[in-house]
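Okay, so here's the structure we're looking at.
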Amino acid sequence: GCTDKNDNCSFWASQGECQNNPGFMHSNCPVSCGTCVEMKEEDLLLIENVTNYGKKQVVQGEHSPRTLDVIRKTMHYMQNDLQKLPPQVIAECTNRDELCAFWAAIGECTNNPEFMSQECGPSCQNCGEPVVPPCPPLGTIAAIQPGGIHDMFERIVSNAPGNNTDIDIDQDMTNYTVQILSMPNEKALDVSVEYGQYPWVISFDNFVTDEECDKLIELGHMVGYARSRDAGEVKADGSFEDIVSEGRTSSGAFCSYPSNCRGDDVAQRIHDRIAKVTGIPAGNSEDLQILKYEVGEKYGIHHDFVDQQLLHQCGPRILTFFLYLNDVEEGGETVFPYLGISVKPKKGAALLWPSVLSSAPRQRDMKTAHEAKPVIKDRKYGVNSWLHMYEYVDLPCGFNTPYDLL
Ligand SMILES: O=C(O)CCC(=O)C(=O)O
Ligand SMILES: [Fe+2]
């Protein structure tokens, strides 16, 4: 029958996740999303028949018609086309997950081809075919070329209005100053030595006004700060366990359009300001993740780069723009253990660092692993803006659902 598969379903639904993350929600929380459907006799038979080719398929929610369509095509493919292929291919061709047909119906065969070919050959009707990595989506271009991160940081440092009185600040810009916490030495421009080089890390003062800080905190409360899920929980596609916030005990709220947050004037102004300073379009930023740490809460050492996103249309996270929304009496520092950097939270301040190498912007820069120290006295509020290589907002980012629920 039609049931919710997670205790948090009704909470997530109340936060607008049915609209925000329909892929994940409609298959896991159909009751809370109100998307259970009555199945026809012939459809039930179809679902029964396709179990000859792997796991029984889940058909639920508003995507049911398209999911059934995939199953019909799967049956035809398995009974006709597949039979012309070598026996080893036939033997390997099976749906290994109950969500294969659903994923195929929402476009994952093209958005996430490596995973889908492995797990869901019948549903994608491509058993034995070589995997073609996804092209960058039409109409968007890579935000950063090799060397571009280095150039960007140099530009940000020399253009900071508070450091340089020649720069006019327009209406929505603040009079921020910039300090360099880490930068490559001269040889950084020689690509071949970059692995041994230090990355850029810079901090900003007065990047966000007091009023904007207060508004962002309030938006977080409006959306609702949800406690991070425990590390090790199996994700919708079963493969993200070790990426998930190892050691995060704080709470977070994603400032999305469906939760009436991303469209807010202040949220938009912050996205625009970050875009103006970095030169990376606002659409390449994930929804602002507003964080709340109570006394004792922390985020253990981790890296913001997510390997699986290399296969997604949005591409990897290339930069983290982190905002501090309040002064914290004690604790709560952001620490980069490999760089000897420790930053104390300060209202309106910000921190910018790359997740990737400037010379090879699809490769993780291990040196920017970092942690948030436990808050000792007070409460800490912060914001993540994760900037991607490609457009994030208007195009599907493969399986962004599991991250969006962190
Ligand atoms: O709270 C901080 O200082 C850093 C948080 C962080 O690294 C993250 O959320 O990925
Ligand atoms: Fe982080």
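The values are calculated or read from the model by the stated rules, or taken from the named source; none is laboratory data. Computed from a prediction, not measured in an experiment: that's the story for all the values here. Note that we place each Cβ from the backbone using ideal geometry, even for glycine, and neighbour counts take in every protein chain shown. Ligands, DNA and RNA are excluded from the accessible area calculation, which covers all protein heavy atoms including side chains. Shrake-Rupley method; radii C 1.70, N 1.55, O 1.52, S 1.80 Å.
General remarks:
- Exposure rank, largest accessible area first [Glu154, Glu92, Glu371, Glu41; 1.4 Å]: Glu41, Glu92, Glu154, Glu371
- Accessible heavy-atom area order of Ile318, Ile169, highest first, probe of 1.4 Å: Ile169, Ile318
- Percent carbon-and-sulfur accessible area, the chain, ignoring ligands, DNA and RNA, probe 1.4 Å: 50
- Dipole moment magnitude, nearest 20 debye, the chain about Cα centre, only Lys, Arg, Asp, Glu C-beta charged: 460
- Signed unit charges on C-beta, dipole axis of the chain, positive-most listed residue Leu325, Val178, Gly128: Gly128
- Label-point gap, in nm, between Glu98 and Leu85 - each point 7 angstrom along Cα→Cβ: 2.5
- Summed over the residues of the chain and divided among them, the accessible surface reaches 44 Å² per residue at a probe radius of 1.4 Å.
- Dipole of the chain, positive end: most advanced residue of Val375, Pro361, Ser256 [Cβ charges, Cα centre]: Pro361
- Each Lys and Arg contributes +1 and each Asp and Glu -1, all at the Cβ; summed about the Cα centre of the stretch 261-342, the dipole is approximately 380 debye.
- Area projected by the alpha carbon convex hull of the chain, averaged over all directions, nm²: 21.3
- At R0 = 35 Å, FRET efficiency that the Cβ-Cβ distance of Arg72 and Thr3 yields, to 0.05: 0.90
- Among Val59, Gln118, Ile106 the positive-end extreme of the charge dipole of the stretch 37-124 (Cβ point charges): Gln118
- C-alpha center-to-center spacing [the stretch 69-137, the stretch 281-298] in angstrom: 36
- Rounded to the nearest 10 square angstrom, Val31 shows an accessible area of 80 square angstrom against a 1.4 Å probe.
- Pairs exceeding a 26 Å alpha-carbon distance, out of Lys276/Lys298; Lys215/Lys377; Lys5/Lys377; Lys5/Lys56; Lys347/Lys377: Lys276/Lys298; Lys5/Lys377.
- Between Val37 and Thr110, the simple spin-label model (points 7 angstrom out along Cα→Cβ) gives 2.1 nm.
- Each stretch of four or more DSSP H residues adds -39500 (n - 2.57); spread over every residue of the chain, this sum gives -7500 deg cm²/dmol at 222 nm.
- Net charge contributed by nearby residues that have their C-beta within less than 12 Å of Val208 (K/R +1, D/E -1): -1
- Gyration tensor (alpha-carbon) shape descriptor, the stretch 37-124, a/c threshold 1.5: oblate
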